[in-house]
Amino acid sequence: SNYNIFEVAASFRFPLKSAPVFQPFIQAGTGQYDSRNYLGDGDKWDFNSIFGGAGLLYSNRFSKDFEIGIGLAGGYSQAFFAGLSEDLIYTIPYYYIEAAGSLALDPSYNLSIEVKPRVKYQSAIPPEGVELSDFDGFSAGIGVSLHYRFGEDPDSAASLIRSLKFGDVSLPPFFAAMQSYYIKNPAGTVSVKNKEDQRITDVKISFY
């Protein structure tokens, strides 16, 4: 291509409670465009941009440690050309649409490392009478991102027993040779408390 692009962005996802594989998101960031001596004008056509948009991601966790997904997004960006004039910084608005895939490694419920290939199309919205289509078109890239997911893992043991709280555990050392002693004397004590307002019935507690 005639220029290189480097972008840094933040994205916030909101999984739908009824269907968490669908995740609407908003994103914002900044980009730097290096014209690579475009048209022999040195750094004249270099520019920076800020952008923001929204989209929808479909992400499926097909194993405990991996997620795969695809998403669509669109938004608006503002380009700042500082090299076209010594006195002025020209600003040109753009709109963009993009499609991206994602492959994420989930070492834990809260932490995710994602590799994200992307194809993006952008087009300028210049003022009336101005023609600037040099930077319109498609670009492709790949990025790496680090995600933090808020909340507690619904598959954890603590989440499966949300109503019960264990406390005041007193379990001294056990001695296998004293089995007859433990028949009449407790080996230790554990308190179990219901922390919800509703009653819990038909509870069975076993010790192994």
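Some values worked out for this structure:
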{"read-out": "Which listed residue, of 208, 109, 121, is hydroxyl-bearing (Ser, Thr, Tyr), surrounded by 13 or more Cβ atoms within 10 Å (Cβ to Cβ) and outside any strand (DSSP E or B)", "value": "109"}
{"read-out": "Filtered residues of the range 133-154 (kept if within 13 Å of the chain's Cα centre (by Cα) and among the polar types (S, T, N, Q))", "value": "145"}
{"read-out": "Selection within the range 47-57 - at pLDDT below 95 and open to solvent by 40 Å² or more (accessible area, probe 1.4 Å)", "value": "48"}
{"read-out": "Contacts under 9 angstrom Cβ, first residue in the range 189-204 being farther than 14 Å from residue 165 by Cβ, partner among the hydrophobic types (A, V, I, L, M, F, W, C) and modelled with pLDDT of 80 or more, 6 or more apart", "value": "189/169; 189/171"}
{"read-out": "Selection count where residues are exposed (fewer than 13 other Cβ atoms within 10 Å of the Cβ) and among the charged types (D, E, K, R), scope the range 126-152", "value": "4"}
{"read-out": "Checking residue 10 against (1) within 14 Å of the chain's Cα centre (by Cα); (2) at pLDDT 90 or above; (3) surrounded by 13 or more Cβ atoms within 10 Å (Cβ to Cβ), the condition it does not meet", "value": "(3)"}
{"read-out": "Residue among 84, 72 that is of a type in the set (A, V, I, L, M), open to solvent by 50 Å² or more (accessible area, probe 1.4 Å) and farther than 19 Å from residue 142 by Cα", "value": "84"}
{"read-out": "Complete set of residues in the range 87-105 that are surrounded by fewer than 13 Cβ atoms within 10 Å (Cβ to Cβ), within 21 Å of the chain's Cα centre (by Cα) and within 30 Å of residue 43 (Cβ to Cβ)", "value": "none"}
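Matching residues to (1) in a strand (DSSP E or B); (2) farther than 17 Å from residue 123 by Cβ; (3) touching a strand residue (DSSP E or B) at 6+ places or on another chain (Cβ under 8 Å); (4) among the β-branched types (Val, Ile, Thr):
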| position | (1), (2), (3), (4) |
| --- | --- |
| 24 | yes, yes, yes, no |
| 48 | yes, yes, yes, no |
| 62 | no, yes, yes, no |
| 76 | yes, no, yes, no |
| 93 | yes, no, yes, no |
| 99 | yes, no, yes, no |
| 102 | yes, yes, yes, no |
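The values are calculated or read from the model by the stated rules, or taken from the named source; none is laboratory data. Quantities reported herein were computed from a predicted structural model and do not represent experimental measurements. Every residue, glycine among them, receives a Cβ derived from its backbone with ideal geometry; neighbour counts consider all protein chains shown. Calculation scope for accessible area: heavy atoms of the full protein, side chains included, ligands and nucleic acids excluded. Shrake-Rupley method; radii C 1.70, N 1.55, O 1.52, S 1.80 Å.
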